[in-house]
Each structure stands twice: as C-alpha cells, then as structure tokens.
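> Here it is: the structure, laid out below.
The values are calculated or read from the model by the stated rules, or taken from the named source; none is laboratory data. Predicted model only: the values in this text are computed from it and were never measured. Neighbour counts run over all protein chains shown; Cβ positions are idealised from the backbone, glycine included.
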Ligand SMILES: Nc1ncnc2c1ncn2[C@@H]1O[C@H](COP(=O)(O)OP(=O)(O)OP(=O)(O)O)[C@@H](O)[C@H]1O
Ligand SMILES: [Mg+2]
C-alpha cells in the first residue's frame with residue numbers, strides 16, 4: 001500500500017467509525033426521549049406516534065405499522081400508519097406475516113416478502129404499494145403476553161433489515177407496551193370514576209380527584225424506589241382526605257415478608273419503613289381478613305398496635321383501612337386522624353379505592369421493571385463472564401509454563417522467581433474475577449493510572465514469549481521507553497495480549513516476525529502489533545470486531561478482538577487494522593488529553609437500594 005492509499009484507508013475507517021457512533025447516539029437518544037415521554041405523557045396516540053416515528057428513522061425504513069391485538073375477535077387492528085393518512089387495517093391472527101407473529105410470539109425478518117408463502121399481498125394490490133424487505137416483531141407487555149405487533153417495511157438504505165434492527169425494535173417495543181399498559185390503566189380509572197358520578201357536586205370533587213390521580217400517576221411513574229412510590233401515594237391521599245397520617249403495607253414478592261410505610265403530614269419529605277408480623281396492627285389485620293375497617297376511635301380497637309399505629313407522633317383518632325388487591329390481596333392502605341376530629345366519610349372511602357387501584361398497578365409495574373433490570377444485568381454478566389474466561393487463557397498458559405519449569409529446577413532462588421511470576425498472574429486472574437463481581441453489584445470501574453511503558457512492556461514480553469514458544473517466531477519490541485502514559489494497566493495488557501496471540505496464531509508453524517511497538521503521537525499513546533502472517537481472511541474482514549466472528553483456526557471463539565475493541569472504547573480510544581497478504585497490523589490509539597471517569601456506573605443498572 002502506498003502512503004496515499006494508507007491515508008485513504010485510514011480516512012475511510014474513521015468515516016465508518018463516525019457513522020457507527022452517530023447511529024449508537026441516535027438509538028440512545030431515541031430511547032431516552034421515549035423514556036421521558038413515558039413519565040410525562042398519558043396520551044397514548046402521542047406516545048405511539050413518537051415511538052413509531054423514531055423507529056422509522058432508526059431502522060431506516062419506509063414505513064412502520066402498529067397492530068393492537070383484539071383478543072375477543074382474534075384480530076389485529078392497526079391504529080396508526082406512518083407516512084400516509086390514518087387508516088384501520090384488520091388482520092386475522094394466524095394469517096399473513098403480522099398474524100403469524102401474533103400467533104407465535106416470534107419475530108419474522110424477510111428479505112423479500114413475496115418469496116414467503118405466509119405473506120398476503122392483497123393490501124399491496126389494493127394500494128399499489130410494493131412491499132419488499134420486512135421486519136415484524138411481537139409487542140409484549142410486562143407479563144410476557146403478546147398485545148400487538150409492530151411491522152416495519154422496506155429498508156431504504158439496504159437490501160434487508162439486520163439482527164441489530166431487530167434488537168432496536170425489541171427495545172422500543174418494550175417501551176411501547178409499557179405506554180399502552182399505562183394508558184389503558186388510566187382509561188379504566190376514568191371509566192370507574194364516571195360510574196361514581198351521580199350529582200353535580202360530586203362531579204366537581206371527582207374532577208379534583210382525577211387531577212390528583214393524574215399527578216399521582218406521574219409521581220409514581222418517576223419513583224425509583226418503593227419508598228418514593230409510597231410517599232407519593234400516601235401524601236396525595238392524606239392531603240385529599242384531610243388526614244394527619246397515612247400508611248401503606250406491602251408484602252415482599254419473593255419472601256412474603258411485610259413492610260409498612262408510614263407517612264406523617266408534619267414531615268412530608270420522608271416515609272418511615274419497618275417490618276411487621278402477620279396480623280400485627282390494623283393494616284396487617286385488614287390484609288389477612290380482607291375487610292375494610294372504619295373506626296372513630298382507632299385506639300379502642302383490639303387490632304390497634306402501639307408498635308405500628310402507635311408510631312404516629314399525633315394522637316390517633318379516626319381510621320380508615322382497606323386491603324389492596326390486584327389478583328390477590330398483596331397489601332393494605334390506611335388513613336389516620338381526619339382533621340377536625342371527624343370520622344372518615346363515604347367520599348374518602350371512594351377516593352381510597354381509586355388511589356388503591358392506582359397503587360396496585362404502580363407497584364406491579366415497578367416490580368416488573370426491577371425484574372427486567374435484573375434480567376438485563378444477568379445477560380450482561382453472562383457476556384462479561386465469557387470475555388473474562390476467554391482472557392483467562394493468557395495467565396493460565398503462563399502459570400502452567402512456570403509450574404512446569406519449577407518442577408525441573410532445584411535452585412531455591414530460581415524457584416522463588418517462578419513462584420513470584422505465578423503470583424503475578426494470579427493477581428491478573430483475581431482482577432478479572434473482580435471485574436465481573438463489581439459489575440454484578442452495579443459498579444463498573446476502570447482504573448486509569450500513569451504507567452511506565454518500559455515496565456509495562458517488560459511484563460508483556462515475558463508472557464508473549466511464553467505463548468509463542470515452540471514456534472519459529474522472532475519477537476521484536478520497539479518501545480519508546482522514556483514515555484509514561486495514562487491508561488488501565490490490566491485492561492490494556494489484556495488487549496495487547498489478545499492481539500499478540502492472534503498474530504502468533506496467524507503465523508502458525510511457518511513462523512515469522514511479531515513486532516510490538518509503542519510511542520506517543522501528538523496527544524495519543526499509540527500501541528501497534530504487527531505480524532508477517534497471511535493477513536486477515538476475506539470472510540471476516542469488516543466484521544472481525546464483532547463477538548463470535550472467527551475464521552481459519554481451530555478452537556477460536558471469536559471473542560478476542562471484541563474484547564480489544566471494548567477496552568479501547570472504555571479509554572475513548574480507537575483501533576485500526578491494515579492487512580495485506582504479507583501480514584496484518586493492528587494499531588490502538590489512547591487519547592491522553594481526555595478525562596476518563598475512573599468509576600463509570602453502567603447506564604440503567606442501578607443497584608437495589610438496601611432496605612432501611
Ligand atoms: N493478526 C491476524 N492475522 C490474520 N487474521 C487475524 C489476525 N487477527 C485476527 N484475525 C482474524 O480475525 C478473527 C477474529 O479474531 P478474534 O481474536 O476475535 O477471535 P479468534 O482469535 O478467532 O478466537 P478467540 O480469540 O476468541 O480465541 C480470527 O479468527 C482471524 O480470522
Ligand atoms: Mg483471538
């Protein structure tokens with residue numbers, strides 16, 4: 001390659017990376033935007049339009065259709081068609097592509113819809129539209145039940161939709177399902193409310209209630225913990241019913257343990273949370289008996305408990321307590337001491353029922369989202385584990401080399417040297433193990449420190465020599481030893497080892513020259529690994545940084561380069577490859593001018609708050 005061509009190819013690489021980055025940013029911003037809208041908008045059509053609009057953009061599709069499932073008629077009904085006017089389309093479940101997705105709950109991706117016998121071209125014939133590529137995925141609610149189908153047509157920038165498109169669709173359709181669930185709940189509350197309206201006077205009261213519910217709904221949607229959720233519900237209810245205090249009792253999902261949240265209107269910023277036993281206090285009694293309790297003097301009731309209701313700093317008088325249920329009773333709610341020394345009234349009772357229904361759903365949605373988060377974290381842990389296990393290879397090889405050598409020497413000093421090397425590798429193994437465990441706790445650390453290149457590459461040299469042993473390979477190091485640079489030592493060592501290992505594997509028994517070099521270039525630390533092997537096989541070119549892409553070797557898992565890329569990205573760096581039939585060169589650049597957070601919490605993976 002001439003210098004001109006090299007520059008050209010580097011420019012192309014940069015352009016490609018920029019495009020990829022811009023795309024990732026668009027996805028992240030779309031998810032953020034939809035997430036925000038979910039917390040603030042209750043208008044289903046607005047939300048769905050936003051989601052479908054973003055989807056059409058992100059997937060570079062020509063149009064995007066959402067079908068909702070009409071369970072009673074076993075039909076899919078389309079509510080919105082982007083790109084043209086709104087029309088309604090009905091599709092029988094089990095028929096056509098969308099109908100099949102609704103029936104099986106599995107996504108379908110087609111390069112040309114006309115080659116699939118399930119495709120029904122009537123709609124095309126009717127409208128003159130020509131469907132070609134297609135991606136259809138089920139819309140599942142938090143219980144995993146299919147409630148609709150999203151169908152995306154005709155990729156404008158390529159032949160067909162990709163697996164990545166499918167992943168984006170699945171992420172956004174989860175958001176859509178939550179929106180639909182929330183808004184259905186809201187509508188059902190409005191309906192319930194209408195039934196309660198009998199007089200004009202009450203109507204006014206109900207409008208206020210509805211506003212209250214609306215505000216409550218938003219506050220609960222924003223809550224990041226059950227405490228916040230409880231505080232939102234209890235403060236709203238206490239205020240609306242003019243009560244001095246309010247409490248909520250909830251059974252834990254896994255253990256069934258009971259926790260009570262206590263709100264005192266004099267201290268509106270917080271709720272108290274504490275454990276109670278079954279049957280202890282008025283709420284626990286309402287929960288076990290299923291009865292609503294109304295009292296003028298709560299302290300006289302045999303179920304009044306000093307440790308529970310006695311906690312209120314005011315003298316408890318009247319009380320109104322009802323069990324909370326969705327499919328079964330899962331808690332209770334109570335109001336205490338109506339202002340003015342009065343008992344609670346019929347209207348308070350009605351309002352409590354409404355707020356109770358709202359709380360049931362909010363708790364259910366909150367728990368479902370915690371579960372989803374946990375699931376996501378487990379998936380990531382799985383991925384991280386597979387990477388760590390991949391990188392165990394290097395320390396393991398080195399350890400077994402030293403142990404073998406130890407068995408053949410008697411000199412205690414030499415043995416001690418081997419033992420020290422083994423211990424050093426054990427440290428590397430422990431660090432990798434810690435990486436996974438930290439993540440499981442919701443932390444993600446990268447330790448950026450100033451490192452002397454001379455010492456750093458001394459260690460790498462020993463390891464590389466060890467895994468190249470037995471092959472006719474000359475190893476050259478060209479390191480600017482005066483340099484110090486800032487990076488995460490353990491991680492960058494893993495990256496260099498992975499590149500060197502690939503180079504050694506590529507040269508195989510034929511051997512050749514492995515060259516590792518490092519120097520500063522402007523503000524960047526440049527580390528390169530080059531070999532004189534056969535170059536990157538054509539079949540993996542352009543996608544070798546993806547996980548599980550491997551070619552031309554036995555026992556390759558295809559994780560090495562994916563790990564290298566991740567490490568480089570964590571340092572906000574870049575990596576480029578040059579390959580010819582005479583060899584391959586990988587160059588990593590670590591910018592030194594940028595500030596890298598030493599502890600980066602993974603987005604969306606906040607650890608559970610410990611119980612108070
Ligand atoms: N220096 C190189 N020369 C030629 N081909 C290479 C070189 N480095 C990587 N490749 C090609 O890229 C593919 C992906 O490399 P990667 O390290 O990700 O996975 P792997 O080496 O196949 O498996 P693993 O590293 O998980 O054991 C390799 O299978 C190989 O075909
Ligand atoms: Mg490899």
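> How many residues does segment 292-323 contain that are surrounded by 13 or more Cβ atoms within 10 Å (Cβ to Cβ) and in a loop (DSSP other than H, G, I, E, B)?
11
> For residue 467, all conditions in the list (1) within 40 Å of the chain's Cα centre (by Cα); (2) more than 21 Å from residue 590 (Cβ to Cβ); (3) away from ligand 2 (no atom under 16 Å from the Cβ) hold save one; what is the number of the exception?
(3)
> Is it fair to say residue 105 is surrounded by 12 or more Cβ atoms within 10 Å (Cβ to Cβ) and at positive phi?
yes
> For residue 350, all conditions in the list (1) within 21 Å of residue 215 (Cα to Cα); (2) surrounded by 14 or more Cβ atoms within 10 Å (Cβ to Cβ); (3) without any contact (Cβ under 8 Å) to a residue 40 or more places away in the chain hold save one; what is the number of the exception?
Residue 350 satisfies all of (1) within 21 Å of residue 215 (Cα to Cα); (2) surrounded by 14 or more Cβ atoms within 10 Å (Cβ to Cβ); (3) without any contact (Cβ under 8 Å) to a residue 40 or more places away in the chain except (3).
> Filter segment 509-556 for residues that are within 16 Å of ligand 2 (Cβ to nearest atom), on the phi > 0 side of the Ramachandran plot and surrounded by 17 or more Cβ atoms within 10 Å (Cβ to Cβ) and give the result.
Matches in segment 509-556: 535 only.
> Let me ask you something else. Looking at segment 383-394, I want the residues that are closer than 13 Å to residue 558 by Cβ and in a helix (DSSP H, G or I) and have a partner that is more than 9 Å from ligand 1 (Cβ to nearest atom) and modelled with pLDDT of 80 or more with Cβ atoms under 8 Å, at least 6 apart or on another chain. Which pairs are those?
Close Cβ pairs satisfying both conditions: 387/566.
> Now a separate question. When you scan segment 340-362, do you find a residue that is farther than 25 Å from residue 285 by Cβ and either part of a loop (DSSP other than H, G, I, E, B) or at pLDDT 85 or above (or both), even just one?
Filtering segment 340-362 down to residues farther than 25 Å from residue 285 by Cβ leaves 340.
This time we only want the ones that are either part of a loop (DSSP other than H, G, I, E, B) or at pLDDT 85 or above (or both), so: 340.
Looking for residues that are farther than 25 Å from residue 285 by Cβ and either part of a loop (DSSP other than H, G, I, E, B) or at pLDDT 85 or above (or both), one finds at least one in segment 340-362, hence yes.
> I've got another one for you. Could you please give the count of residues in segment 42-66 that are surrounded by fewer than 23 Cβ atoms within 10 Å (Cβ to Cβ) and under 22 Å from residue 221 (Cβ atoms)?
11
> Quick one: residue 379 ticks every box in (1) within 16 Å of ligand 2 (Cβ to nearest atom); (2) loosely packed, with under 12 Cβ neighbours inside 10 Å except a single one, so which number is it?
Looking at each condition in turn, residue 379 falls short on (1).
> Of all residues being part of a strand (DSSP E or B) and either within 12 Å of ligand 1 (Cβ to nearest atom) or farther than 19 Å from residue 478 by Cβ (or both) in segment 517-552, which is farthest from the chain's Cα centre (by Cα)? Just the residue, please. Please lay out each step first, then the result.
Kept after step one, since they are part of a strand (DSSP E or B), are these residues of segment 517-552: 517-521, 524-531.
Those still in the list that are either within 12 Å of ligand 1 (Cβ to nearest atom) or farther than 19 Å from residue 478 by Cβ (or both) too: 528-531.
Numbers: 528: 34, 529: 34, 530: 37, 531: 39 Å.
Looking at residues that are part of a strand (DSSP E or B) and either within 12 Å of ligand 1 (Cβ to nearest atom) or farther than 19 Å from residue 478 by Cβ (or both), I get 531.
> So if I check each of 417, 427, 505, which one is within 16 Å of ligand 1 (Cβ to nearest atom) and out of contact with any strand residue (DSSP E or B) (no Cβ under 9 Å at 6 or more places or on another chain)?
505
> Only one residue in 283, 226, 249 is within 16 Å of residue 324 (Cβ to Cβ), crowded, with 22+ Cβ neighbours inside 10 Å, touching a strand residue (DSSP E or B) at 6+ places or on another chain (Cβ under 9 Å) and modelled with pLDDT under 90, so which one is that?
One residue alone meets the criteria, 226.
> Here is a follow-up. Is it fair to say residue 564 is crowded, with 19+ Cβ neighbours inside 10 Å, touching a residue at least 60 places away in the same chain (Cβ under 8 Å) and within 15 Å of ligand 2 (Cβ to nearest atom)?
yes
> Looking for something surrounded by 12 or more Cβ atoms within 10 Å (Cβ to Cβ), modelled with pLDDT of 85 or more and either more than 21 Å from residue 566 (Cβ to Cβ) or in contact with a helix residue (DSSP H, G or I) (Cβ under 8 Å, 6 or more places away or on another chain) (or both) - is there at least one such residue anywhere in segment 429-437?
Yes.
> The conditions are (1) touching a residue at least 24 places away in the same chain (Cβ under 8 Å); (2) in a helix (DSSP H, G or I), and residue 379 fails exactly one of them. Which is it?
(1)
> Going by the structure shown, is residue 478 buried (at least 22 other Cβ atoms within 10 Å of the Cβ) and either away from ligand 1 (no atom under 12 Å from the Cβ) or modelled with pLDDT of 95 or more (or both)? Before the answer, list the steps.
Details: buried (at least 22 other Cβ atoms within 10 Å of the Cβ): no; either away from ligand 1 (no atom under 12 Å from the Cβ) or modelled with pLDDT of 95 or more (or both): yes.
No.
> Does residue 594 satisfy being more than 16 Å from ligand 2 (Cβ to nearest atom) and modelled with pLDDT under 90?
Working: more than 16 Å from ligand 2 (Cβ to nearest atom): yes; modelled with pLDDT under 90: yes.
Judged against the criteria, residue 594 is a match.
> With the condition kept exactly as written, say whether any residue in segment 558-570 is modelled with pLDDT under 95, part of a loop (DSSP other than H, G, I, E, B), near ligand 1 (Cβ under 10 Å from one of its atoms) and out of contact with any strand residue (DSSP E or B) (no Cβ under 8 Å at 6 or more places or on another chain).
Yes; the residues of segment 558-570 include at least one that is modelled with pLDDT under 95, part of a loop (DSSP other than H, G, I, E, B), near ligand 1 (Cβ under 10 Å from one of its atoms) and out of contact with any strand residue (DSSP E or B) (no Cβ under 8 Å at 6 or more places or on another chain).
> Looking at 489, 570, which one is touching a helix residue (DSSP H, G or I) at 6+ places or on another chain (Cβ under 8 Å), more than 16 Å from ligand 2 (Cβ to nearest atom) and under 17 Å from residue 464 (Cβ atoms)?
489
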